[in-house]
Amino acid sequence: MSRSVNCALLGKEAEGLDYAPYPGELGQRIYDNISKEAWQRWVAHQTMLINEYRLTPIEPEARKFLETEMEKFFFGEGSAAPKEYVPTET
């Protein structure tokens, strides 16, 4: 049986994550307040950030940047795409 959360990003009740997707306090906040759908939106946004900024996620500076953007994406003013980013048409 899946659990539901009142998703902070979507602003509605939705299916919750199966486990904390990130370590520490931020991971617990995400587990408690973010839905699977919202997490998938973050994964897509994070992929775009990694590609556009040419980040290497193993580097501590890149991980800190992505963690800050994750916090903004879910609980702050949102994480913006780089100014030069042009989405591909599907």
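In terms of surrounding Cβ atoms within a 10 Å radius of their Cβ, V86, V43 rank from fewest to most as V86, V43.
Kirkwood's formula applied to the C-alpha pairs of the stretch 1-50 gives a hydrodynamic radius of 10.9 angstrom.
Total lysine pairs in the chain at Cα distances under 21 Å, for residues eight or more apart or on different chains: 6. Footprinting exposure proxy ranking of R63, R29, fewest other C-beta atoms within 10 angstrom first, gives R63, R29. How big is the dipole moment of the chain about its Cα centre under a simple scheme where the beta carbon of each Lys and Arg is +1, that of each Asp and Glu is -1, and everything else is neutral? Debye, nearest 20, please. In total the dipole reaches around 60 debye. Note on E84, E71: ascending count of other Cβ atoms within 10 Å places them as E84, E71, the fewest first.
Hey, could you get me the Stokes-Einstein D for the chain, Kirkwood radius over alpha-carbon pairs, 10 °C and 1.306 mPa s, rounded to whole µm² s⁻¹? For these conditions, the coefficient is 115 µm²/s. Entry note, the chain: relative contact order of 22 percent, from Cα contacts under 8 Å with a spacing of 6+ residues.
Just so you know, all these numbers are worked out from the coordinates, no wet-lab data involved. Note that the structure is predicted; figures quoted are calculated from it, not measured. All Cβ positions, even for glycine, are placed from backbone atoms using ideal geometry, and neighbour counts span all protein chains on display.
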